[in-house]
Amino acid sequence: QVQLVESGGGLVQPGGSLRLSCAASPSIFSFYRIDWHRQNPGKQRELVATISNDDTVHYADSVKGRFTISRDDSKNTVYLQMNNLRPEGTAVYYCYGGRYGADYWGQGTQVTVSS
């Protein structure tokens, strides 16, 4: 079964860090690229970061220098390391996997940045 499962969300204070994980099955190579997106209620889902099978990465301007996307092919997992989190980073974070002819989304993980 092709699926993506996120984990690692939680409550963190402003300036803190979290690492999100996206476990891909049956294999990370089932997807030509994996993204992290985020969404707040009433707002559009926005792209945060993306990593391709050739390790090409891209970031939204709002997270450049603070977030890092990476992959561990041996664990079929993509990570999003989030440092210096800001209150506006509060959102549900979703993992997206692109396959030719199909899109896959995880169920999301809540990140709350608050003191």
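The values are calculated or read from the model by the stated rules, or taken from the named source; none is laboratory data. Here the structure is a predicted model, which means the values were calculated and not measured. Methodologically, a virtual Cβ is constructed for each residue, glycine included, from the backbone with ideal geometry; neighbour enumeration extends over all protein chains shown. Note: accessible area is taken over every heavy atom of the protein model, side chains too, but ligands, DNA and RNA are not part of it. Shrake-Rupley method; radii C 1.70, N 1.55, O 1.52, S 1.80 Å.
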Residues satisfying the stated conditions in the stretch 80-104, i.e. assigned to a strand (DSSP E or B) and closer than 21 Å to D54 by Cα:
L80, Q81, C95, Y96, G97, G98, R99, A102, D103, Y104
The stretch 27-44: number of residues that are farther than 14 Å from Y79 by Cβ and surrounded by 15 or more Cβ atoms within 10 Å (Cβ to Cβ):
5
Going through the stretch 45-60 in order, the residues found to be exposed (fewer than 12 other Cβ atoms within 10 Å of the Cβ) and either touching a residue at least 12 places away in the same chain (Cβ under 8 Å) or in a strand (DSSP E or B) (or both) are D55
Looking for whichever is touching a residue at least 24 places away in the same chain (Cβ under 8 Å), of a type outside the set (A, V, I, L, M) and closer than 24 Å to L85 by Cα here; the options are R38, R33. Which one fits?
R38
In the stretch 60-83, how many are touching a strand residue (DSSP E or B) at 6+ places or on another chain (Cβ under 9 Å) and either of a type in the set (S, T, Y) or closer than 14 Å to V113 by Cα (or both)?
7
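Within the stretch 69-77, is there a residue that is basic (K, R), at pLDDT 95 or above and touching an Asp or Glu at 6+ places or on another chain (Cβ under 8 Å)? Before you say what the answer is, go through the steps one by one.
We begin by selecting, within the stretch 69-77, every residue basic (K, R); these are 71, 75.
If we keep only those that are at pLDDT 95 or above too, we end up with 71, 75.
Then keep just the ones that are touching an Asp or Glu at 6+ places or on another chain (Cβ under 8 Å); that gives 71.
There is at least one residue in the stretch 69-77 that is basic (K, R), at pLDDT 95 or above and touching an Asp or Glu at 6+ places or on another chain (Cβ under 8 Å).
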For the stretch 16-24, state whether one or more residues are under 20 Å from Q81 (Cβ atoms) and open to solvent by 90 Å² or more (accessible area, probe 1.4 Å).
yes
Report, by residue number, each residue of the stretch 61-115 that is of a type outside the set (S, T, Y), under 12 Å from L4 (Cβ atoms) and surrounded by 19 or more Cβ atoms within 10 Å (Cβ to Cβ).
V78, C95, G97, G106
Count of the stretch 1-15 residues which are at pLDDT 95 or above, open to solvent by less than 50 Å² (accessible area, probe 1.4 Å) and over 14 Å from A91 (Cα atoms):
2
